[in-house]
Amino acid sequence: MKYFAMFIPLAMATLAQYGETSPSPDFAVPARMAGVASGSLPGSSGNVVQNTNRVLAVLGQFQSITESLYGLQTPVLYRLATGFRVVMDSLVESGSPIFQALSNAARLSSGNITAVFDGIRRTINATVALNELHDAALNGTQALLGSGGVQNISTVLDQLVRNVANLSTVLDEIEPAIVRIQRLGRPTQTQVDSMYPRAGVRKLNGILLDYVNIGASTVPQINAVVNRIRLMDGFIGRLTAVAGAQRTALNSTTAAVNASVQSGVQLRLQNTLRAMRTNFNGTVLVVTRKLKLFFLDDVTAIRQVARNASATLTERLTNVTGSLDAVSNRTRVTVDGRASEWVMNRTNGVVMGLAWRTALAVTSGVPRADTCFARFNYEFDKIPRLIQGALAACGQEETRTLQSVANALAGYLGVVQAQLNAETKRYDQCVGGLVPDSSDALKRQRALCLRGAEQFSHQLGSYVVNDQLQAFEELLRHEVQYSAERHRECVRVSDRIMVAEVRNLERSIANCLN
């Protein structure tokens, strides 16, 4: 029998937990109240357990809806939504113990009802005290929810907190009657029926149902707010991914452009200069080997001139190869990607700024904002792609231009090569056909020829080649400068296109909203 008596309250609590619709609430009276268990008291609307379960179900909906805000991927949006999320969490966490305690109290058939009600009152007072903090937290969400959205939710919270505060008054009305019944010891059913606080229980049910009605009517509003926030989280996240992808694509294009410029322009010119060095070194070695045949010749004139000419050519070889190496080392051609990167970053920033203004218009429920967003949603993606393509085209077009410039400069270096060939050819012509057994007269004649070749090297050769190399470097410097100016102008045009596109989208959205 004792086991059976213990089992009934436990079973009733278990059934209520799983949605039992006909528990027997009697608030610790020692006899059952006919009609209270079934909710059929005249003028009542259900019973306390049923109605507290309805309230808890509404709070569960609040919790379920707002839980998704913990999964926001956009850090800024997560931060902006924190106040709203905290308020909803607090509403559930502070309200649930009150209504669960009421449900538990309604199922009691014995016990100290005063102690139970005092505990509920303390929880109610703590919940009411949180309202100011809730208002402050909601005020911090103005940017996300807008002043109208904040006001709407604040109004609902005020209604709910007043509703909860009213519970204390009703508990004060119910408690004395329950205590009087308990003091009767073993009251009859008739005594219980006559003393049971029906009016208070009806008021309690009315307050609970009022809470359910307020909460249930608020669920669609909260659901709409959360759905808008989640929609904008996906929108901002997508644009962030697009921005990153376009920045990566531009970096890849810039790297490819400079690789092409290095191989097709810089290395080509450097290789041409190195080829000139190799060619000049080879022709000088050929001529000096021929001159060495006469270093010990019996004819003084040819012997001295051959030595002097060889020394002159050796010195020329050192000077020319040194100059060519120096020019080669100074030959640097690149397409600076910093301006393009700046425009790409600026594009992403401007587009994201407009996107955020649009997103906050949607989350705050600005009229027509959701319709306009649906209309222009993917226009935001197009602008970074358009500008990245334009900037990439700037670099690629400049690559083609510089390759044409390299052709011209390589042709100019051909003139320098011709000058060096002409210089060594003079020496080669002087010793052409001359051998140690040649006549003294021929040797003296060729000695005069070699002196003329030396004079050409001293008086014209070195100056002409140096001037030509300096002119090459000057031409290259100007071309690199022109290249930078052309590229900057192309980038500026891309920037102007971006500004025009963003302004056009901004005007379109504004017209749609109005």
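The values are calculated or read from the model by the stated rules, or taken from the named source; none is laboratory data. Because the structure is a prediction, the values reported are computed rather than measured. Quick reminder, even Gly has a Cβ in these numbers, built from the backbone with ideal geometry, and neighbours come from all protein chains shown. Please note that ligands, DNA and RNA were not included when accessible areas were found on the heavy atoms of the full protein model with its side chains. Shrake-Rupley method; radii C 1.70, N 1.55, O 1.52, S 1.80 Å.
Charged neighbours of Arg503, selected by a Cβ distance under 15 Å, balance to +1 (K, R count +1; D, E count -1). Partner lysines whose Cα lies under 30 Å from the Cα of Lys443, excluding those fewer than 8 positions away in the same chain, are identified as Lys290, Lys292, Lys425. Across the options Gly264, Val287, Ala245, the greatest Cα extent toward the positive end of the charge dipole of the range 238-513 (unit charges at beta carbon of Lys, Arg, Asp, Glu) belongs to Ala245.
By the helix-only formula, in which each DSSP H run with n ≥ 4 contributes -39500 (n - 2.57) and the sum is divided by residues, the chain has a 222 nm mean residue ellipticity of -29500 deg cm²/dmol. Compute the helix-to-body angle for 300-330: its Cα long axis versus the longest principal axis of the chain, expressed 0 to 90° and rounded to tens. Around 10 degrees separate the two axes.
For the range 273-305, the residues whose backbone nitrogen is under 18 Å from a point 7 Å from the Cα of Val435, taken along Cα to Cβ, are 289-299.
Panel note: the C-alpha atoms of the chain, placed on their principal axes, show extents of 160, 56, 30 Å (largest first).
Calculate the length of the line joining the C-alpha centroid of the range 339-379 to that of the range 411-450, in whole Å. For the range 339-379 versus the range 411-450, the Cα centre distance is 76 Å.
Using Cα pairs under 8 angstrom and six or more residues apart, how large is the relative contact order of the range 48-196, in percent? Reported as a whole number, the value is 25 percent.
Farthest towards the positive end of the charge dipole of the chain, among the residues Ile181, Thr424, Gly95, is the Cα of Thr424, using unit charges on the Cβ of Lys, Arg, Asp and Glu.
Since only Asn511, Leu442, Val464 are under comparison, the one whose Cα sits farthest along the positive direction of the charge dipole of the range 403-514, derived from C-beta charges on Lys, Arg, Asp and Glu, is Asn511.
Projected onto planes of every orientation and averaged, the convex hull of the alpha-carbon atoms in the range 48-196 covers 9.8 nm². Rounded to the nearest 20, the size of the Cβ-charge dipole of the range 238-513 about its Cα centre is 240 debye, with Lys and Arg at +1 and Asp and Glu at -1. Each Lys or Arg adds one and each Asp or Glu subtracts one; over the other residues with Cβ under 14 Å from the Cβ of Thr66, this totals -1. Taken about its Cα centre, the range 48-196 carries a charge dipole of roughly 320 debye when the Cβ of each Lys and Arg holds +1 and the Cβ of each Asp and Glu holds -1. Rounded to the nearest 10 degrees, the angle from helix 113-129 to the longest Cα principal axis of the chain is 40 degrees. Enter the angle in degrees (range 0 to 90, nearest 10) between the Cα long axis of helix 267-292 and the first principal axis of the Cα atoms of the chain, meaning the one along which they spread out most. Approximately 20 degrees, to the nearest ten.
Projected onto planes of every orientation and averaged, the convex hull of the alpha-carbon atoms in the range 238-513 covers 16.3 nm².
As a length-normalised measure over Cα pairs under 8 Å and 6 or more apart, the relative contact order of the range 238-513 settles at 33 percent. Sorting the segments 500-509, 57-66, 224-233 by their mean number of nearby beta carbons within 10 angstrom, highest to lowest, gives 224-233, 57-66, 500-509.
When only Cα pairs below 8 angstrom with a gap of at least 6 residues are kept, the chain shows a relative contact order of 17 percent.
For Arg346, neighbours were defined as the other residues whose beta-carbon sits under 12 Å from its Cβ, and their charges (Lys and Arg +1, Asp and Glu -1) total +1. Note on the chain: with charges restricted to the Cβ of Lys and Arg (+1) and Asp and Glu (-1), its dipole about the Cα centre is near 680 debye. The residues of the chain present an accessible area of 48 Å² per residue when probed at 1.4 Å with all protein chains retained.
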